[in-house]
């Protein structure tokens with residue numbers, strides 16, 4: 001309830017502040033997606049005719065991935081199985097930094113994305129999703145009469 005102006009353990013307080021700031025950055029939405037350091041990592045870009053999304057998901061079977069588009073919201077979901085060997089009590093795993101478990105990434109597509117023209121391909125752990133832009137929004141030259 002009462003906090004001293006100078007905490008007893010300055011390094012512990014600095015560590016707490018750093019963790020709180022990191023959590024705030026991790027939970028803040030980016031321009032098109034939600035959260036940094038999510039799995040799978042996403043690259044989102046586009047051309048005049050398409051929106052290009054690359055989901056980097058090594059070790060995930062493409063048959064288990066689910067890609068849904070509903071009212072301009074693209075969802076990529078699936079599960080990544082663990083790569084560590086089953087423990088029989090004789091081995092000790094000291095560090096396991098590889099993500100395993102269920103995941104879900106959600107993106108808001110631009111208003112000119114055509115929900116009828118979506119294509120997804122998977123190769124070498126990279127899922128490439130192409131969403132065509134609506135023809136009415138594409139740049140065109142107007143002839144002067």
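Each value in this text was obtained by applying a stated rule to the coordinates, not by laboratory testing. As the structure is a prediction and not an experimental result, all values here were calculated from the model. Neighbour counts run over all protein chains shown; Cβ positions are idealised from the backbone, glycine included.
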Take the Cα atoms of the stretch 99-145, build their convex hull, and give its volume per residue in Å³. 121 Å³
From the mean inverse distance of alpha carbon pairs (Kirkwood) and the Cα radius of gyration, derive Rg over Rh for the stretch 59-109. 1.17
Packing-ranked peptide list from 92-104, 109-121, highest mean Cβ count within 10 angstrom first, is 109-121, 92-104
If each residue of separation counts as 0.36 nm, what is the full-extension length gain between residue 123 and residue 142 once their alpha-carbon separation is subtracted? 2.8 nm
Kirkwood-based shape ratio for the stretch 47-145, expressed as Rg/Rh from alpha carbons: 1.20
